[in-house]
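Okay, structure first, notes after.
The values are calculated or read from the model by the stated rules, or taken from the named source; none is laboratory data. Fair warning: this is a prediction, and the values are worked out from it, not measured in the lab. Heads up, the Cβs are rebuilt from the backbone with ideal geometry, glycines too, and the neighbour counts pull from every protein chain shown.
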Amino acid sequence: MKAVILAGGFGTRLRPLSSTRPKPMIPVLGKPNLQYLLESLEKIPEIDEVILSVHYMRGEIREFVEEKMADYPKEIRFVNDPMPLETGGALKNVEDYVSDDFLVIYGDVFTNFDFRELIEAHKKNAGLVTVAVTKVYDPERYGVVETDEEGKVIHFEEKPRRPKTNLIDAGIYMVNRKVLEDIPRNREVYFERDVLPRLVSSGLVYAHRMPKDAYWVDLGTPDDLFYAHQIAMDEIARNDGYMTIKETAEVPEDVEIQGPVYIDEGVRIGHGVKIKSYTYIGPNTVVEDRAYFKRAILIGNDIVRERAELKDTILGEGVVVGRNVILKENAVVGDYAKIYDDLVIYGAKILPWKKVEEYEAFIKIKLDPTKVRPGRYPDRCPLGLPECIYKRFRAIAGEKPPCDECIENQWLF
């Protein structure tokens, strides 16, 4: 049996992290999500080959597999999409390499679900597709599934405005090869929007509920990445305690740690540092004295200068954060960016290799977005930014009004 991992997406909602790495290579606790998926598939005897459907930054994926997964016991085949084909078109592109029934996994799914359960469920029903389903709190972001008592899917709707249930498509399928026959080749086709609804109306789709103890995260946004790290740290805490400090990490005795916290290999922590819950500090990162972290993700090889404060923040690889810098409210910093001393940045996205020497962000004001446009400013900064910073922001907005996309994405450029 073949397993297909769809790994060709652009990951636009994860930018700037996905500006320098393909979406399946987004790491959770220092390990790319693709590696988690490959390790799960390794445990399934029925699967003899893994097919990676790739497009965006495919060279990065190939290099990772050849270097880091060289001892992988199963065959790995790369199938390149000639252009963005979306999920359905990408499946059509692997048609010549799959068996009658094959497993499909979206490359941005972070889960400990045992895929063997889905394989067995598919063998027992009469459908052409068996979809893994799970319950979530925010179903309007996903494909919502309704089933009958026998598990047959009777209604499917992608991202409905008013979901009738919180049972959603988990992006994991068992698919019969016959499904691919009606998909046009070299065309953008969405499996969820164009293919599944048609099969559901014909009574050919069944659902298999993931068990309650299985976690599942769609790594689509920075918030999802925070959630994945939280789940992973909670899993470790249940088995090994609330602090994970690798052997080669240097952590002085006066460092205050409130777990769950994960400090990776080669990390060097200064004196008087405070590390609060759900913080991951990636390999070879240097943290200077009296820095503060809470719910922060540092991918690795970063430098955080003294007295810097990072809360609800993600740092890409090789980021330099200056002295007394404050990063808060879901700020995301791209790889190898440098933030100079004494800056305060709330909720902005900083492009890779960007040098931030002064506060120059067109941030999304937490009121009406039109308030950042020339001539329409609030009387005071609704974020509570220092007076000098807010005046500078107003001046830049007056010189160069931000477009709607900049406002929406909070880009720092």
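So which residues in the stretch 81-101 are in a loop (DSSP other than H, G, I, E, B) and of a type in the set (Ser, Thr, Tyr)? Please lay out each step first, then the result.
Pass one, the stretch 81-101, residues in a loop (DSSP other than H, G, I, E, B): 81-85, 94, 98-100.
If the condition is that a residue be in a loop (DSSP other than H, G, I, E, B) and of a type in the set (Ser, Thr, Tyr), then 99 is the only one that fits.
Among the residues of the stretch 262-282, at least one is touching a residue at least 12 places away in the same chain (Cβ under 8 Å), closer than 19 Å to residue 20 by Cβ and either outside the structural domain of residue 20 (by TED's automatic domain parsing) or touching a strand residue (DSSP E or B) at 6+ places or on another chain (Cβ under 8 Å) (or both). Within the stretch 225-261, if we keep just the residues that are in contact (Cβ under 8 Å) with a residue 60 or more places away in the chain and in contact with a helix residue (DSSP H, G or I) (Cβ under 9 Å, 6 or more places away or on another chain), the residue that is farthest from residue 131 (Cα to Cα) turns out to be 225.
Listed here are the residues, each with its yes/no results for (1) at negative phi; (2) surrounded by 22 or more Cβ atoms within 10 Å (Cβ to Cβ); (3) within 17 Å of the chain's Cα centre (by Cα); (4) free of Cβ contacts under 8 Å to residues at least 24 places away in the same chain.
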site: 29; (1), (2), (3), (4): no, no, yes, no
site: 34; (1), (2), (3), (4): yes, yes, yes, no
site: 49; (1), (2), (3), (4): yes, no, no, no
site: 69; (1), (2), (3), (4): yes, no, no, no
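All of 20, 12 fail the test of being without any contact (Cβ under 8 Å) to a residue 40 or more places away in the chain and either more than 21 Å from residue 174 (Cβ to Cβ) or touching a Lys or Arg at 6+ places or on another chain (Cβ under 6 Å) (or both), apart from 12.
Check 29, 38, 52 and return the single one that is of a type in the set (A, V, I, L, M) and over 14 Å from residue 77 (Cα atoms). Only one candidate passes the filter, namely 29.
Per the conditions (1) crowded, with 19+ Cβ neighbours inside 10 Å; (2) among the hydrophobic types (A, V, I, L, M, F, W, C); (3) within 19 Å of residue 249 (Cα to Cα), the sole criterion not satisfied by residue 286 is (1).
Given the criterion surrounded by fewer than 19 Cβ atoms within 10 Å (Cβ to Cβ) and either touching a helix residue (DSSP H, G or I) at 6+ places or on another chain (Cβ under 8 Å) or part of a helix (DSSP H, G or I) (or both), identify the matching residue among 61, 76. Explain how you work it out, then say what you get.
Details: 61 fails: surrounded by fewer than 19 Cβ atoms within 10 Å (Cβ to Cβ).
Every option except 76 fails the conditions.
Could you run through the stretch 257-270 and say how many residues are in a loop (DSSP other than H, G, I, E, B), under 22 Å from residue 312 (Cα atoms) and of a type outside the set (Gly, Ala, Ser)? Show your work before the answer.
Our first condition is that a residue be in a loop (DSSP other than H, G, I, E, B); within the stretch 257-270, this holds for 258-260, 264-267, 270.
After this cut, where a residue has to be under 22 Å from residue 312 (Cα atoms) as well, the list is 258-260, 264, 267, 270.
Add one more test, that the residue is of a type outside the set (Gly, Ala, Ser), and what stays is 258, 260, 264, 267.
Total satisfying the criteria: 4.
Conditions (1) within 22 Å of the chain's Cα centre (by Cα); (2) within 20 Å of residue 225 (Cβ to Cβ), marked per residue:
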{"residue": "275", "(1), (2)": "no, yes"}
{"residue": "283", "(1), (2)": "yes, yes"}
{"residue": "291", "(1), (2)": "no, no"}
{"residue": "337", "(1), (2)": "yes, yes"}
{"residue": "348", "(1), (2)": "yes, yes"}
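Here is a yes/no grid of residues against (1) crowded, with 17+ Cβ neighbours inside 10 Å; (2) in contact (Cβ under 8 Å) with a residue 60 or more places away in the chain; (3) out of contact with any strand residue (DSSP E or B) (no Cβ under 7 Å at 6 or more places or on another chain):
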position	(1), (2), (3)
105	yes, yes, no
113	yes, yes, no
131	yes, yes, no
134	yes, yes, no
139	yes, no, no
153	yes, no, no
157	yes, no, no
169	yes, no, no
180	yes, yes, yes
